[in-house]
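Undergrad: Can you read through this structure? Questions will come right after.
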């Protein structure tokens, strides 16, 4: 299980112990199904003798800040805040994929295109959320001049799913787990308007990133972690029950029946592939966030990522 022992930065950083093994801290953000393969990979590192503490944080910006300061060695969550920090000179590198683009836009009956959403209530989490950026990018590309939905900020993916089911909004981007929950609840007529994994194939909104000094000074340990994560993802794709088992181990409070349905969807879509990052799709991700106004233009894959770890693991 995850031990929630911190809500802000202030750790002691990575230390080398007397026997040559490391003691370091990894930050996770509100753990969910996408986090448990990372926790399993960290257990593989522990089995090599290293001491790994895991802290749970409320938002990715805190994890990125801790990485920049050297308090945390590794974290994994939203890519946007990491790119923003890298742009400002933070010593951070993206090293693997956490989960593929799992966002899709769902609408109530009759909503089939952007034109159907003009002036209609459209649920978003916040102006700075990646799902909001994805949705607005689609609106900008697909809607005609002056045709825009009416954006309503109403909470996380699960809250927006319920708002869609109850008719408070006409459309909203949802993660797989919340889309499956809607389907399981018997809500009828809701349609998938667009699958953003198909329209934005080079976007990787959730990645694994690390402190650059940790990567350079302790490469074998960083490599052991990435290799273990690649293997965990491969096991999930081969058998979604592995994800169910991981959730049972690390997040036992989750409903197992719901987890099994979501795990099958993740597996069918092959969204777990830590080694999926390439120069092309990292650059595509950078270009998306530049287009969304999260970062300026000009950043390259070399600036943002070290793909040598996934190449070696693969």
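The values are calculated or read from the model by the stated rules, or taken from the named source; none is laboratory data. Keep in mind the model is a prediction, meaning the values are calculated, not measured. Backbone-built Cβ (ideal geometry, glycine too); neighbour counts: all protein chains shown.
Undergrad: Got a sec? Which of 119, 128, 123 is buried (at least 18 other Cβ atoms within 10 Å of the Cβ) and over 21 Å from residue 198 (Cβ atoms)?
TA: 123
Undergrad: Separate question: Inspect all residues belonging to segment 212-233 and state whether any of them is touching a helix residue (DSSP H, G or I) at 6+ places or on another chain (Cβ under 8 Å) and closer than 23 Å to residue 261 by Cβ.
TA: Yes: segment 212-233 contains one or more residues that are touching a helix residue (DSSP H, G or I) at 6+ places or on another chain (Cβ under 8 Å) and closer than 23 Å to residue 261 by Cβ.
Undergrad: Then there is this: Tell me the residue from 68, 90, 96 that is within 26 Å of residue 22 (Cα to Cα) and without any contact (Cβ under 8 Å) to a residue 40 or more places away in the chain, please.
TA: 90
Undergrad: Among residues belonging to segment 239-255 that are over 19 Å from the mean Cα position of the chain (by Cα) and without any contact (Cβ under 8 Å) to a residue 24 or more places away in the chain, point out the one that is surrounded by the fewest Cβ atoms within 10 Å (Cβ to Cβ).
TA: This residue is 253.
Condition check ((1) in the same structural domain as residue 28 (by TED's automatic domain parsing); (2) at pLDDT below 95; (3) in a helix (DSSP H, G or I); (4) surrounded by fewer than 21 Cβ atoms within 10 Å (Cβ to Cβ)) across all residues:
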site	(1), (2), (3), (4)
188	no, yes, no, yes
207	yes, no, no, no
216	yes, no, yes, yes
223	yes, no, yes, yes
226	yes, no, yes, no
231	yes, no, yes, yes
237	yes, yes, yes, yes
257	yes, yes, yes, yes
262	yes, yes, yes, no
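Undergrad: OK, next. Counting only residues that are in contact with a helix residue (DSSP H, G or I) (Cβ under 8 Å, 6 or more places away or on another chain) and part of a loop (DSSP other than H, G, I, E, B), which one in segment 139-154 is surrounded by the most Cβ atoms within 10 Å (Cβ to Cβ)?
TA: 149
Undergrad: Let me ask something additional. In the set 161, 165, 171, which member is modelled with pLDDT under 90, crowded, with 20+ Cβ neighbours inside 10 Å and closer than 17 Å to residue 123 by Cα?
TA: Details: 165 fails: crowded, with 20+ Cβ neighbours inside 10 Å; 171 fails: modelled with pLDDT under 90.
One residue alone meets the criteria, 161.
Undergrad: Could you check segment 1-93 for helices (runs of 4 or more DSSP H) lying wholly inside it with 3 or more residues that are out of contact with any strand residue (DSSP E or B) (no Cβ under 8 Å at 6 or more places or on another chain) and either more than 18 Å from residue 224 (Cα to Cα) or modelled with pLDDT under 95 (or both)?
TA: Those helices (runs of 4 or more DSSP H) span 60-69, 79-87.
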